[in-house]
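Undergrad: Have a look at this one before I ask anything.
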Amino acid sequence: MMDDGDGRAPENQRVRDALRALPPVVASAEFRARTRREFTSGGEVAKRRRPLAVALALAASIALALGGFAWLANRGGSWTIAATSGVGVVEVDGRAIDLADAAGLASALAPGVRVSTGARAELELELEGSLTLVVTPETTLRLPAAPGRWFGRNVTAALERGEIRGHTGRRFDGAHLRIDLAGGSVEVTGTTFAVLANAEGSCVCVLDGTVRMRERDGTFVVAPGRRRVIPPGESAGRDEPIRPAEAMKLEMLREQVEAAGTPGSGPRQAGR
Amino acid sequence: MLSAADLERVRAREPAALERFFDEHFDRVFGLLYRLTSDRATAEDLTQETFLKIHRALGSLDPSRDPWPWVATIATNVCRDHWGAASSRLQARSDSIDGEPARTDLRDGGTNPEEATRALQEAALLQEALGKLAEPARLLVLLHDWQGLRHDEIAQITGQSHAAVRQQYGRALALLRGLLGNLRP
């Protein structure tokens, strides 16, 4: 039956004998019966191994996990309420929430919601370490998302009416906040600023840093201590010194936030 | 042993003939794949895959010849594909720790417990040495000495020349002898 090839040297005989004496290997009865049934009943053996499918599923799972991890790690935090002042209600996407219900307000805040303050209600919102926004009474604002840590750092808000004052923190560096207005838009990259939308038109006031204002006729840089106003119905804005009262309010905001240890140092007492 | 007429019925995929064909070859296929991979779960996977491929290839079965070399060729190719996959190499690293030892049939009536234990130890030692042998060499010695195939049949299975198989078999045996010598206490 067998020829010996080049393995017939006497010293190899013991190895050959050992190989021939290897006992038969017994499969489990369950495995044997299952494989027999599958083989004889039509041949479509249910394959347990699907290397390509398994590899693809594994790769997809890893990519999904990495994507999920990156998404989670990139998140720039969520809006919290740093302070409230006054009384009345705040509407969040049309739902009226009492200003005193800080927990209810905080849970309703999310990127993209429409926040509308009552005649005597003021909110100070913050993204920890990144951005503080004071939403003054009778203001309607679409809230921006938090800039991501590494990507998705351009965010957008919209001011329909009223006034917001803002101060950016260290985590905002490199991010861009665009605030859409009726007469144009404002682009903030790191500054203390106020944006107004009222009967006088659209206006941006800059205490420090710079803000770019995009109008119908072009984009203009608004320097520290200046403001730019676009009167209602006009396409061109005008540059003028910031009003003392507005400068004072912005200075107060900046000092307040910096004294508290950058934006996001925790809620302050109401009734400033 | 199945006759040519039986093998014709196997080719026609008659259930009763398939059962006999399976019973005749299952133990050898599983045993060979276990000895080649040293891992029970892997051997089971490869055995399933082998019988799937056998079923698909039944049209090429030659009823006038002994079907075992044909079956062994399919099993060997399945195993070589497995070795070629990167995953098998990763798995092989954990076999020595995690691998469940296969049950071996020592029931031959006249064997006393001491002899059975010694035979089991010798088999385990040989299996360990086989695991250390390069995969093509492992295939040659198992096909020749454990499965009883001739060199020309192995040459057909592996796609090599008869002379090359003889030469490589001699080297594989010498390597295995050296490995066994190192492993024996």
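Undergrad: What do you get for the angle between helix A:51-74 and the principal long axis of chain A? Use alpha-carbon atoms, 0 to 90 degrees, nearest ten.
TA: Roughly 20 degrees, rounded to the nearest 10.
Undergrad: Report the percentage of all Cα-Cα pairs in the range B:1-98 whose separation exceeds 19 Å, rounded to a whole percent. Don't jump to the answer; show the numbers that get you there.
TA: On the way: 2010 of 4753 pairs.
Every Cα pair in the range B:1-98 considered, those over 19 Å come to 42 percent.
Undergrad: Still on this structure: Taking the Cβ of A:Trp150 as the center, what net charge do the other residues with Cβ under 14 Å away carry, scoring Lys and Arg +1 and Asp and Glu -1? Each step should come with its number before you reach the end.
TA: Numbers: positive: A:Arg75, A:Arg149, A:Arg153, A:Arg171; negative: A:Asp173.
Summing Lys and Arg as +1 and Asp and Glu as -1 gives +3.
Undergrad: Okay, moving on. Extension gain A:Asp173-A:Asp93, at 0.36 nm per residue separation less the Cα-Cα distance, in nm? Please report the intermediate quantities before stating the final value.
TA: On the way: separation 80, 0.36 × 80 = 28.80 nm, distance 2.96 nm.
Result: 25.8 nm gained on full extension.
Undergrad: Let me ask another. Quick one: A:Leu207, A:Leu141, fewest Cβ neighbours within 10 Å first, how do they rank? Could the numbers behind the result be given before it?
TA: Working: A:Leu207 23, A:Leu141 26.
Neighbour counts put them in this order, fewest first: A:Leu207, A:Leu141.
Undergrad: Once you've got the GNM for chain A with C-alpha springs shorter than 10 Å, pick whichever of A:Ser116, A:Ser130, A:Ser235 has the biggest mean-square fluctuation.
TA: Sorting by GNM fluctuation, first place goes to A:Ser235.
Undergrad: Once you place label points 7 Å from the Cα toward the Cβ at A:Asp239 and B:Arg65, how far apart are they in nm?
TA: 9.2 nm
Undergrad: When the convex hull of the Cα atoms of chain A is projected onto a plane and the area is averaged over all directions, what value comes out in nm²? Working shown, then result.
TA: Details: hull surface 122.3 nm².
Spelled out: convex hull of the Cα atoms, projected over all directions, averaged, 30.6 nm².
Undergrad: Of all DSSP beta bridges in the protein assembly as shown, what percent run antiparallel (nearest 5)? Can you show the working numbers first?
TA: Values: 66 of 71 bridges.
The answer is about 95 percent antiparallel.
Undergrad: What is the list of residues in the range A:161-180 whose amide nitrogen lies under 18 Å from a point 7 angstrom out from the Cα of A:Arg216, following Cα to Cβ?
TA: A:180
Undergrad: In nm, to one decimal, how far is the B:Glu114 label point from the A:Met252 one, both placed 7 Å along Cα→Cβ?
TA: Result for the modelled spin labels: 10.3 nm.
Undergrad: To the nearest whole number, what is the average tally of beta carbon atoms from other chains within 10 Å of the beta carbons of peptide A:10-22? Can you show the working numbers first?
TA: Working: counts 0, 3, 9, 2, 2, 14, 7, 1, 10, 11, 4, 6, 12.
Taking all residues of A:10-22 together, the mean is 6.
Undergrad: For A:Ile242, list long-range residues whose amide hydrogen, built 1.01 Å from N in the peptide plane, is under 5 Å from its own amide hydrogen.
TA: Residues meeting the criterion, in which the H sits 1.01 Å from N, are A:Arg226, A:Arg227.
Undergrad: Right, something else. I'd like the mean, over residues of B:36-49, of how many other protein chain beta carbons sit within 10 Å of each residue's own Cβ.
TA: On the way: counts 0, 0, 0, 0, 4, 3, 1, 3, 8, 4, 1, 5, 10, 4.
Average per residue, whole number: 3.
Undergrad: Give me a single rounded figure for B:121-133: the average over its residues of other chain Cβ atoms within 10 Å of their Cβ. Write out the running numbers ahead of the final one.
TA: Details: counts 0, 4, 5, 0, 1, 5, 2, 0, 2, 2, 0, 0, 0.
Mean shielding count: 2.
Undergrad: Given bins 10 angstrom wide, list per bin the percent of all Cα-Cα distances in the protein assembly as shown, short to long.
TA: Values per bin, smallest distances first: 4, 16, 18, 11, 5, 5, 8, 13, 13, 7, 1, 0.
Undergrad: Ok, one more. Sorted from fewest to most neighbouring beta carbons within 10 Å, what does the list B:Ser161, B:Ser38, B:Ser60 look like? The partial results should precede the final answer.
TA: Values: B:Ser161 12, B:Ser38 20, B:Ser60 8.
Least crowded to most crowded, the residues run B:Ser60, B:Ser161, B:Ser38.
Undergrad: On to the next question. So for the pair A:Val54, A:Ala119, with labels modelled 7 Å out along Cα→Cβ, what separation do we get in nm?
TA: 7.2 nm
Rule-based calculations on the coordinates, nothing more; no lab input. Because the structure is predicted, anything quoted here is derived from the model rather than measured. Cβ: placed from backbone, ideal geometry, glycine included. Neighbour counts: every protein chain shown.
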